[in-house]
Amino acid sequence: MSTNQPPQAAAPASGGGAPDARRLRAILITVSIALMAVIASVSGLNVAQTHMAVEFGASQSTVLWIINTYTLALAALLLPLGAIGDRLGRKPMLITGLIIFGAAGVVAGLAPSAAVMIGARVAAGIGAAMIMPITLAVITSTFPEEERGKAIGVWTGVAGGGGILGMFLSALLVDVADWRLLFVLPVVLVVVALAMTLKSVPNSRERSTHSFDTIGALVSTIAVIGLIFVLQEGPERGWTAPITLISLTVGVIAAIAFVAWELQRRDASLLDVRLFRERGLAGGSITLLVVFGVQAGIAVVLFPFFQAVLGWSGLMSTVAMMPMAVMMMMTSGLAPKMAAKIGARSTMTVGVALATLGLALMALFMSVDGGYLSILAGMLAMGIGMGLSMTPSTEAITSSLPRAKQGVASALNDVTREFGTALGVAMLGALLANGYRSAIDGRLDGIPAGAADTAREGIANAVEVAPKTGGHAQGLIHAAQQSFVDGWQQAMWIGAAVMAALLLYVALRGPKNIAPLQPDGRTAP
């Protein structure tokens, strides 16, 4: 694949010409339902950590592995399976992924042990890696140019807000029923999506004279596993722990080897890394990396605020996140219209600016006494900004690769999201923890040494140990809450600085207006 390759198009395998409006709508609903099943499963088990630990007699490390192995398998296999879907056919790949994902959900729901649960989650991650890039590739390879932006907006809205909606439904099920019912919704969604796929989704595939880039696929998998493992396990095991450093070394070496190999393969590469010279692919990827990182990091620091500072339940905490998710999903659908009027780069610039403003508002006005209202305006600005920036970023990425490579383009979009999410959780979580510890150290005078050491570990620990300090209980709780706010503000300001740097980059080097696809399936850079 190169910028000088001959014209190439995805080969429809089902015939019948371009789908009509009714079928396009059915296709969009189908892929959105499939995507929702995958996204909801990323965050759903977070609300059931305590229940799994008790039922399986598992340590916190094992519980985290149950949660993280899904994301690890998903991120590692996105690029290879996206490319295989381009070659073998996107509809068969989607069907296979749905079957594997659904079966894994059933096994997980009935799992008698943590080991079985981990195996089921790995299988679910493999199925999700088949589903996720294909859902977007079906849109970009099926929808006509004039409708594609709107469809991508819907897909982006589901991808961005689906995690929060999934957490809400998961928290509701955990509160009113049983944690094992968390797997019912994804399985139901998969069954519906499978039936609709068989009926509505056309097949398309790439006709290529080149052999599959097996070495590139293997090396990319190793690179992603190494780097994602570092981001997931670094906060738990320590950033200087031997396994963390080994994983980082392997990931970096594999990433460098992947780039070198792909440059050598050129037209026969899994991913033509030379295309990152184009403003669309580079700008869209960097924007998604940062925006999803900030979004995930915000979710990590918001939940302790709702639960430990405001004293809300898990269900109430997820409800409190809904305004941001709703704004994100609404503006994702509006972004294509805005991009058509003022251009993709201008739309992304406005979105990143609003997201930066949202972070600054939360840093400025968040307080213990102000409660939820002190962060609501910032959350709304964040939701609107992310929605406006994500859709044109996704379209910039998918438009930069030939239509026959849309599985790879979609996988790249998804890998970028997963890296951003893992990076945001690790970095903003660490910043909050460090800020909290620094702030509470000066507020522990008179607190017994053992209780003080426990309180330094985090606000939840401080609230739990406070009753054991006698007359110091209320003072310790207030000190922990205020220290959390101090740490929050430090994290938000650093996040705002990162977003401000992104704003400058997008304004100066962001993608140009999304132009119609050229004969080789790409847009002009």
Subject >> Candidates 182, 198, filtered to the one that is within 23 Å of the chain's Cα centre (by Cα) and either closer than 20 Å to residue 47 by Cβ or in a helix (DSSP H, G or I) (or both) >> reply: 182
**OP:** Working carefully through the options 29, 33, find the one that is modelled with pLDDT of 90 or more, in a helix (DSSP H, G or I) and more than 17 Å from the chain's Cα centre (by Cα).
**Re:** 29
Subject >> Pairs, first part of a helix (DSSP H, G or I) in the range 489-514, second β-branched (Val, Ile, Thr) and open to solvent by 50 Å² or more (accessible area, probe 1.4 Å), C-beta under 8 Å, six or more apart >> reply: 502/286; 505/286
**OP:** Taking the residues in the range 80-92 that are at pLDDT below 90 and either aliphatic (A, V, I, L, M) or within 15 Å of the chain's Cα centre (by Cα) (or both) as candidates, determine which candidate is farthest from residue 202 (Cα to Cα).
**Re:** 83
**OP:** May I ask you to list pairs of residues, at least six apart or on different chains, whose Cβ atoms are under 9 Å apart, with the first in the range 164-177 being hydrophobic (A, V, I, L, M, F, W, C) and the second being open to solvent by 40 Å² or more (accessible area, probe 1.4 Å) and outside any helix (DSSP H, G or I)?
**Re:** 171/313
Subject >> Those residues of the range 237-258 which are under 25 Å from the mean Cα position of the chain (by Cα), surrounded by 16 or more Cβ atoms within 10 Å (Cβ to Cβ) and closer than 21 Å to residue 217 by Cα, in sequence order >> reply: 247, 248, 250, 251, 254, 255, 258
Original post:
Would you pick out the residues in the range 37-65 that are farther than 22 Å from residue 235 by Cβ and open to solvent by 40 Å² or more (accessible area, probe 1.4 Å)?
Top reply: 51, 54, 55, 57
Original post:
Among the candidates 118, 99, which residue alone is touching a residue at least 40 places away in the same chain (Cβ under 8 Å), part of a helix (DSSP H, G or I) and out of contact with any Ser or Thr (no Cβ under 7 Å at 6 or more places or on another chain)?
Top reply: 99
Subject >> Identity of the residue in the range 195-215, among the polar types (S, T, N, Q) and modelled with pLDDT under 80, that ends up most open to solvent (accessible area, probe 1.4 Å) >> reply: 209
Original post:
Which one of 240, 249 is out of contact with any Asp or Glu (no Cβ under 7 Å at 6 or more places or on another chain), more than 25 Å from residue 396 (Cα to Cα), without any contact (Cβ under 8 Å) to a residue 60 or more places away in the chain and not in a helix (DSSP H, G or I)?
Top reply: 240
Subject >> Selection from the range 443-463 of residues that are among the small types (Gly, Ala, Ser) and open to solvent by 60 Å² or more (accessible area, probe 1.4 Å) >> reply: 449, 460
Original post:
So residue 211 clears everything in (1) part of a helix (DSSP H, G or I); (2) farther than 28 Å from residue 24 by Cα except one condition, right? Which one?
Top reply: (1)
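Is it the case that residue 220 is in contact (Cβ under 8 Å) with a residue 24 or more places away in the chain, in a loop (DSSP other than H, G, I, E, B) and hydroxyl-bearing (Ser, Thr, Tyr)? Please lay out each step first, then the result.
On the way: in contact (Cβ under 8 Å) with a residue 24 or more places away in the chain: yes; in a loop (DSSP other than H, G, I, E, B): no; hydroxyl-bearing (Ser, Thr, Tyr): yes.
No, not satisfied.
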**OP:** For the range 347-362, indicate whether the set of residues that are surrounded by fewer than 18 Cβ atoms within 10 Å (Cβ to Cβ), out of contact with any Asp or Glu (no Cβ under 6 Å at 6 or more places or on another chain), of a type in the set (Gly, Ala, Ser) and over 24 Å from residue 170 (Cα atoms) is non-empty.
**Re:** no
Original post:
Can we say residue 154 is open to solvent by 10 Å² or more (accessible area, probe 1.4 Å) and either among the aromatic types (Phe, Trp, Tyr) or on the phi < 0 side of the Ramachandran plot (or both)?
Top reply: yes
**OP:** Give the residue that is surrounded by the fewest Cβ atoms within 10 Å (Cβ to Cβ), with candidates limited to residues of the range 280-330 that are part of a loop (DSSP other than H, G, I, E, B) and free of Cβ contacts under 8 Å to residues at least 40 places away in the same chain.
**Re:** 311
Original post:
Among the residues of the range 464-502, which ones are exposed (fewer than 15 other Cβ atoms within 10 Å of the Cβ) and within 22 Å of residue 370 (Cα to Cα)?
Top reply: 474, 478
Subject >> Residue check, residue 388 under 19 Å from residue 317 (Cβ atoms) and assigned to a helix (DSSP H, G or I) >> reply: no
Original post:
Is one or more of the residues making up the range 321-340 farther than 27 Å from residue 414 by Cβ and of a type in the set (Gly, Ala, Ser)?
Top reply: no
Original post:
Filtering the range 368-426 down to residues that are closer than 12 Å to residue 140 by Cβ and among the charged types (D, E, K, R), which residue is surrounded by the most Cβ atoms within 10 Å (Cβ to Cβ)?
Top reply: 405
Subject >> Residue check for residue 83: of a type outside the set (D, E, K, R), part of a helix (DSSP H, G or I), out of contact with any strand residue (DSSP E or B) (no Cβ under 7 Å at 6 or more places or on another chain) and farther than 26 Å from residue 223 by Cα >> reply: no
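The values are calculated or read from the model by the stated rules, or taken from the named source; none is laboratory data. Keep in mind the model is a prediction, meaning the values are calculated, not measured. Every residue, glycine as well, gets a Cβ built from its backbone with ideal geometry; the counts of neighbours run over all protein chains shown. Ligands, DNA and RNA are excluded from the accessible area calculation, which covers all protein heavy atoms including side chains. Shrake-Rupley method; radii C 1.70, N 1.55, O 1.52, S 1.80 Å.
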